[in-house]
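Some notes on the structure that comes next.
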Amino acid sequence: MKKYPLIIDCDPGIDDVLAVLVAHSKPEFDIKAICSVSGNVGIDLTTHNARLMAGLLGLDCIIAKGAEKPLIKNVLPATEVHGLDGFGGYSSTFSDDKLSKLSDLSAIEVQRKILMESNEPVYIAATGPLTNIALLLSVHPEVKSKIAAISIMGGGINIGNATPFSEFNYFTDPEAAYIVFNSGVKLMMCGLNVTLKATLTDMELNKMREFHNTISDITVKILSSYAANDAGIHDPCAILAISDTDMFEYKDQYVQIDTRAGITQGMSYVDEIHNLDKKPNCRVFYDIDRESFRKAIVKAINI
Ligand code: BDR
Ligand code: CA
């Protein structure tokens, strides 16, 4: 089977954890690295959670620490959704010997190295603020031709969760999102219009409960605390958009990001009627087959 080399750039974050689990469950992915970025919680916690997930899954990939704050704005954590530790309050259940080793290189250097040394194009799934990716593309533009696509969870079409118009990842670091959308790299975007449909029901949670393994036990726990605050299991969509494109409806569109201060900061504008006469810069995902999504999540937990 053809394997896609994959870098996961994330801010775990409960749904980021699910994204890692889904990528791990897909034989078509060769996970090269998991990189942390500041977002749902601070960088030390997102890095800890990335190391914990890799350790629990026995993943043989690089774990690297990324940017500790957005390019310009200050840190804006989402602890009310993800818990103070970003892991639903459960990270202290595991001892430090479960953690994967942390690379001496920064996330940006690790991504540059993987991309430049790869003989084939590499996918990047970005499920947190786009700070690391914007820095990578700005400091090392030579990597652009080595990227198959950047599959992003972020933005949305006329919908927001951080403000009425802006989604959390883009609102947290709008300048980074702007840089990425104007980079010329192939982009894929699962925004809130899709990810709020990516939900689970009690039926899936009950199925997961029956698996009785370390991963299923902790997943059910963290999902139960998460579901009370956010129904959308957003981040796995960015993984499935690469491996299971048929699960979605999508269209190539021209997208821009608003960086101006105010309630539209971080908003993704999709030029639906080609008003700007610009070439598409992003594959925008519009809809998801919920049943297939649910099956993919349950399968990912059945380890
Ligand atoms: C996004 O924000 C974070 O809270 C989630 O992990 C997801 O990446 C949803 O807006
Ligand atoms: Ca995230």
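The values are calculated or read from the model by the stated rules, or taken from the named source; none is laboratory data. From a predicted model like this one, the values you see are computed outputs, not experimental measurements. Here the Cβ positions follow ideal geometry from the backbone for every residue, glycine too, while neighbour counts run over all protein chains shown. Ligands, DNA and RNA are stripped out before the accessible areas are found, and what is left, the full protein with its side chains, is counted by its heavy atoms. Shrake-Rupley method; radii C 1.70, N 1.55, O 1.52, S 1.80 Å.
The figures follow:
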quantity	calculated
Qualifying residue in region 200-214 (condition: open to solvent by less than 30 Å² (accessible area, probe 1.4 Å), modelled with pLDDT of 90 or more and of a type in the set (Val, Ile, Thr))	no
Residue match in region 70-90 (condition: in contact with a strand residue (DSSP E or B) (Cβ under 9 Å, 6 or more places away or on another chain) and either without any contact (Cβ under 8 Å) to a residue 40 or more places away in the chain or under 17 Å from VAL122 (Cβ atoms) (or both))	no
Residue ID - farthest from ligand 2 (Cβ to nearest atom), chosen from residues in region 224-266 that are more than 22 Å from VAL17 (Cβ to Cβ) and open to solvent by less than 30 Å² (accessible area, probe 1.4 Å)	GLN253
Residues (on the phi > 0 side of the Ramachandran plot and assigned to a helix (DSSP H, G or I)) located in region 163-210	none
Failed item in (1) surrounded by 16 or more Cβ atoms within 10 Å (Cβ to Cβ); (2) more than 14 Å from the chain's Cα centre (by Cα); (3) closer than 20 Å to GLU167 by Cβ; (4) within 16 Å of ligand 2 (Cβ to nearest atom), with PHE87 passing the rest	(3)
Residue, farthest from ligand 2 (Cβ to nearest atom), within region 1-47, restricted to residues that are over 29 Å from ASN119 (Cα atoms) and among the charged types (D, E, K, R)	ASP44
Region 119-146: number of residues that are in contact with a Lys or Arg (Cβ under 7 Å, 6 or more places away or on another chain) and either closer than 10 Å to CYS35 by Cβ or open to solvent by 20 Å² or more (accessible area, probe 1.4 Å) (or both)	3
2 or more residues under 30 Å from HIS24 (Cα atoms) and in contact with a helix residue (DSSP H, G or I) (Cβ under 7 Å, 6 or more places away or on another chain): qualifying strands (runs of 3 or more DSSP E) within region 242-303	282-288
Among the candidates SER106, SER95, residue that is crowded, with 16+ Cβ neighbours inside 10 Å, more than 16 Å from ligand 2 (Cβ to nearest atom), free of Cβ contacts under 8 Å to residues at least 60 places away in the same chain and polar (S, T, N, Q)	SER106
In region 135-171, the residues that are within 16 Å of ligand 2 (Cβ to nearest atom) and within 17 Å of LYS186 (Cα to Cα)	ILE150, SER151, ILE152, MET153, GLY154, GLY155
Test: residue in region 10-27 that is surrounded by 24 or more Cβ atoms within 10 Å (Cβ to Cβ) and touching a Lys or Arg at 6+ places or on another chain (Cβ under 8 Å)	no
Residue satisfying all of: in region 109-118; touching a helix residue (DSSP H, G or I) at 6+ places or on another chain (Cβ under 8 Å) and open to solvent by less than 10 Å² (accessible area, probe 1.4 Å); nearest to ILE63 (Cα to Cα) among these	GLN111
Qualifying position, being among the hydroxyl-bearing types (Ser, Thr, Tyr) and not in a helix (DSSP H, G or I), among SER145, SER151, SER138	SER151
Region 48-66: number of residues that are within 14 Å of ligand 2 (Cβ to nearest atom) and either β-branched (Val, Ile, Thr) or more than 28 Å from ASN119 (Cβ to Cβ) (or both)	1
Top-ranked residue in region 162-182 [being surrounded by fewer than 20 Cβ atoms within 10 Å (Cβ to Cβ) and of a type in the set (S, T, N, Q); ranked as nearest to ligand 1 (Cβ to nearest atom)]	THR163
Complete set of residues in region 187-202 that are without any contact (Cβ under 8 Å) to a residue 60 or more places away in the chain and more than 13 Å from ligand 1 (Cβ to nearest atom)	ASP202
